[in-house]
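See below for the structure under consideration.
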Amino acid sequence: MARTDRIAEPWGTRTPYGPGERWPVRVDQHLEEGLTEADVDRWVQSASTLHSNGDGLDLAVKDGRLVGVRGRAQDRVNHGRLGPKDLFGWQSVGSSDRLTQPLVGRDGRLVETTWDEAMELLVGRMQELLAERGASAVGFYTTGQLFLEEYYTLGVMAHAGIGTNHVDGNTRLCTATAAAALKESFGCDGQPGSYTDVDHADVIALFGHNMAETQTVLWTRILDRLAGPRPPQVLCVDPRLTPVARAATVHLAPRPGTNVALMNGLLHEVIAHGWVDEDYVAAHTVGFSELERQVREYTPEVVARICDVPEEDLRAAARLVGTADRLLSTVLQGFYQSHQGTASAVQVNNLHLVRGMLGAPGRGLLQMNGQPSAENTRECGADGDLAGFRNWSNAAHVADLARVWNVEPDAIPHWSPPTHAMQMMRYLEDGSMRMLWVQGTNPLVSLPELNRIRSVLTQERVFLVVQDIFLSETAQVADLVLPAATTGEKTGTFTNVDRTVHLSEKAVEPPGQARPDLDIFLDFARRMGFRDKDGGPLVHWHDPESAFAVWKECSRGRPCDYTALTYDKLRGGSGIQWPCDEEHPEGTERLYEGGRFFAAPDVAESYGRDLITGAPLEETEYRAMNPQGRAVLKAARYVPPHELPSERFPLQLVTGRTLYHFHTRTRTGRARQLHDAAPDVWVEVSQHDAGTHGLAEGDLAEVTTPRGRVEGRVRISGIRPGVLFLPFHYGYWDMPGGHAPDGHSRAANELTLTDWDPCSKQPVFKTAAARLRRLAASDGTPSPAPTTTGSAPVGPGAASVPPTRGGEASMSDELLPSDDLPTDDLPSDGGAR
């Protein structure tokens, strides 16, 4: 057994393996200081909730409280490994500042109230608005961190009970483009690939995806392949010198906002060199001739000029992806959070389609998620889409959902596209919406152009309800705050990026009067008296397992079929990938084997959109284009960003994540090891721009855009010249409460703009025009940026920056293959259950 500082060594000890071999098991564990395994009363099954990887883990319970975690050796996702957020983030569950009682706003402050009074206020205000203004006066903004059972209940009561089309999640900020891109290419949501494709790939391409920090255990899997025999080659597309970029065979650092041009350039080279699987394209796709015509003008010379990357690197990258025998690609925020996010991600799909790289080991595609249950928001209709990947513009799909819910089709709003989050803010701003119910998210830190969002959510006419586990920045300004239970305090299922469904069991009681989100929704539905068309209760389930049962019926026959899954089947073993039905009782590792897609006109979740304007295609257009239900090769021209650098704002600002925090730090900021590893905001600057602006490591600098300003200490990193980076996690409150110590704004989204991709409606966080100014010389204090990540220091001053360490509090156990590992129920070769 090894003892490792998992703040200093985020990915732990290497366990090398070769192509086609089983990824070795390594069980990671961290217990409260002074405790050993012998002290633990019991271990309770769960999975990770602070990223989208879905690592299987067990929660340690002693004397009725959580005291630690360990990885599940038998889980197909992680083979026992955990990342730093898994190992330490659980501590926030027992934080002393948890919400424990409902709060109501009175005379400008929040005061405690009872659950009965809180629910009466909520229901009363809801009924008033429905009577006075109709269902369009009410909106729901949820998270990517609840359970499937909770999302499904929310979707039913919002769509069929209230009848509102204003339902979205903060997944709009991180994975809306993943869903949109999959619909455009394959007719339906659902990730084609599997994490086990890492075990077989000879080339792994990461497009705008800093996997080392966002999905640490999946990156650990790649690191173990890189350390083994016949390692894969790696392509990294990222403007920063991340750990992925440092490990890459080829690193492309394009100018932000030029990803479509870059992808068109790679496709140009693949087609020009004859690296196309012509038989696959002819048999399983439509649209190749238009794609070929569109990319013809994107020669390496042209693309090098647009993207400002070396021409020879473009050619090398194209050769990597064009000649790979087994290509795995992943895509995330660097592509998604842009003005052409969907168009960029679709071109990655096109690369796999023209090369025939789908449905086989190592030939995988993952349009990644950012949150643990983002997939469930989309499946269950909690992001506005219809439950079960049904098509809101297909009358037969609406009628089928009405059958499942036992309501009339007209009871389900489907006369226009679902309302996305940024449009809801506009409706609140103009007064047509008067109530917003927020669950498990913190828009006063995470949404763009925060000054505007503050003005919207604090209007007197807006009734703001926040359901959360802590008093976040958003909860501070709410009219009603409902205290929720979190993972470990309730039971439910959730689904990760590669469609693996995990069961999370209740381990401890929630604090005070906090309730599971499902219980809050069920109580609300009962008090509202929602009825089906026969007069029976619309929401007729009563606990997580009965909610799961009705969801299974809703999913029956749809691409995301759960009908052969049960809680008992998920207990004790590994997670299982959907579709899991009578035909695939043990789950399905990969989609689209043999070129079979969910794209037939009668099956497809979407008829697609124009990638430039976002205009939806009509059903007749789609049927004419794709009558046989093939994959669609959809081309797009490059369009420059809407906000370009200028004389006044000569730089470009990108925002993003760091390894040690999740979203707005409501949980990770309360775990000492994670807080101390990245305690405050910083400004990442290239060596060139630091020299131009007279900046040194640790200097205090100001970043300004047309919308606001943020102060932070400088980290001179390997970011490309002309680009600044700010982590978006930091809001107005220090942890566990109160203002930032020096009173300055440190929220990156003060600076971002109100703009979104035309197809996915995902906000743009990557192309704001900015300027930089030195405020004060360093007092000897370095930037708070970690040294282990993409913010690692470079240049002459790098040696003086203390390395990021966690010390004794971050020491965690690793049970290695050389130790006495259990051999029963370990993942098989390929990772399938």
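Quick notes on this structure:
- Checking each residue of the stretch 289-297 against the condition of being closer than 22 Å to Lys766 by Cβ and either at pLDDT below 95 or in contact with a helix residue (DSSP H, G or I) (Cβ under 6 Å, 6 or more places away or on another chain) (or both) gives no match.
- Selection from the stretch 633-652 of residues that are more than 26 Å from the chain's Cα centre (by Cα) and among the aliphatic types (A, V, I, L, M): Leu644, Leu651
- Spans of helices (runs of 4 or more DSSP H) in the stretch 227-313 with at least 1 residues under 30 Å from Pro786 (Cβ atoms) and β-branched (Val, Ile, Thr): 243-247
To keep it simple, each residue is scored yes or no on (1) modelled with pLDDT under 95; (2) crowded, with 20+ Cβ neighbours inside 10 Å; (3) not aliphatic (A, V, I, L, M).
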{"site": "Ala395", "(1), (2), (3)": "no, no, no"}
{"site": "Gln423", "(1), (2), (3)": "no, no, yes"}
{"site": "Gly431", "(1), (2), (3)": "no, no, yes"}
{"site": "Val438", "(1), (2), (3)": "no, yes, no"}
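- Test for Arg378: is it touching a helix residue (DSSP H, G or I) at 6+ places or on another chain (Cβ under 6 Å), outside any loop (DSSP other than H, G, I, E, B) and either outside the structural domain of Ala318 (by TED's automatic domain parsing) or in contact (Cβ under 8 Å) with a residue 12 or more places away in the chain (or both): yes
- When the criteria are applied in full, His414 meets the requirement of being closer than 27 Å to Phe494 by Cβ, in contact with a helix residue (DSSP H, G or I) (Cβ under 8 Å, 6 or more places away or on another chain) and not assigned by TED's automatic domain parsing to the domain that holds Thr330.
- Entry remark, the stretch 377-404: residues being of a type in the set (S, T, N, Q) and over 17 Å from Ala181 (Cα atoms) number 2 in total.
- Hits in the stretch 746-803 - residues which are in a strand (DSSP E or B), farther than 19 Å from Ser686 by Cβ and not aliphatic (A, V, I, L, M): Trp756, Pro763
- Boolean, Thr500 is surrounded by 22 or more Cβ atoms within 10 Å (Cβ to Cβ) and among the β-branched types (Val, Ile, Thr): yes
- Residue in the stretch 115-144 that is nearest to Tyr567 (Cα to Cα), counting only those that are touching a helix residue (DSSP H, G or I) at 6+ places or on another chain (Cβ under 9 Å) and part of a loop (DSSP other than H, G, I, E, B): Gly144
- The number of residues in the stretch 597-631 being under 25 Å from the mean Cα position of the chain (by Cα) and among the β-branched types (Val, Ile, Thr) comes to 2.
- Failed criterion for Pro784 (all others in (1) within 28 Å of Ser446 (Cβ to Cβ); (2) of a type outside the set (Gly, Ala, Ser); (3) loosely packed, with under 15 Cβ neighbours inside 10 Å hold): (3)
- Residue in the stretch 240-261 that is modelled with pLDDT of 95 or more, assigned by TED's automatic domain parsing to the domain that holds Ala343, within 26 Å of Val25 (Cβ to Cβ) and surrounded by fewer than 24 Cβ atoms within 10 Å (Cβ to Cβ) present: yes
- Residue count for the stretch 697-709, restricted to those that are part of a loop (DSSP other than H, G, I, E, B) and crowded, with 17+ Cβ neighbours inside 10 Å: 4.
Quick grid of which residues meet (1) aromatic (Phe, Trp, Tyr); (2) at pLDDT 95 or above; (3) closer than 23 Å to Gly193 by Cα; (4) not assigned by TED's automatic domain parsing to the domain that holds Tyr280:
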| position | (1), (2), (3), (4) |
| --- | --- |
| Asp543 | no, yes, no, yes |
| Thr563 | no, yes, yes, yes |
| Tyr567 | yes, yes, no, yes |
| Arg571 | no, yes, no, yes |
| Gly575 | no, yes, yes, yes |
| Asp581 | no, yes, yes, yes |
| Pro585 | no, yes, yes, yes |
| Glu589 | no, yes, yes, yes |
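- For His414, the conditions (1) closer than 18 Å to Ser606 by Cβ; (2) free of Cβ contacts under 8 Å to residues at least 24 places away in the same chain all hold with the exception of (2).
- Odd one out for Ala549 among (1) of a type outside the set (Lys, Arg); (2) touching a residue at least 40 places away in the same chain (Cβ under 8 Å); (3) surrounded by fewer than 19 Cβ atoms within 10 Å (Cβ to Cβ); (4) assigned to a helix (DSSP H, G or I): (2)
- Filter result (more than 12 Å from Gly370 (Cβ to Cβ), polar (S, T, N, Q) and part of a helix (DSSP H, G or I)) within the stretch 171-217: Ser185, Thr196, Thr216
- Filter result (surrounded by fewer than 19 Cβ atoms within 10 Å (Cβ to Cβ) and more than 25 Å from Gln333 (Cα to Cα)) within the stretch 655-696: Arg672, Asp676, His688, Gly691, Thr692, His693, Gly694, Ala696
- Of residues in the stretch 279-300 being over 22 Å from Arg315 (Cβ atoms) and among the charged types (D, E, K, R), the one surrounded by the fewest Cβ atoms within 10 Å (Cβ to Cβ): Asp279
- Residue in the stretch 613-621 that is surrounded by 15 or more Cβ atoms within 10 Å (Cβ to Cβ) and among the β-branched types (Val, Ile, Thr) present: no
For every residue, the table says whether it meets (1) in contact (Cβ under 8 Å) with a residue 12 or more places away in the chain; (2) of a type in the set (Lys, Arg); (3) within 30 Å of Asn170 (Cβ to Cβ).
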| site | (1), (2), (3) |
| --- | --- |
| Arg293 | yes, yes, no |
| Tyr298 | yes, no, no |
| Gly334 | yes, no, yes |
| Ser338 | yes, no, yes |
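The values are calculated or read from the model by the stated rules, or taken from the named source; none is laboratory data. This is a predicted model, so every value here is computed, not measured. Here the Cβ is made from the backbone with ideal geometry for all residues, glycine too, and neighbour counts use every protein chain on show.
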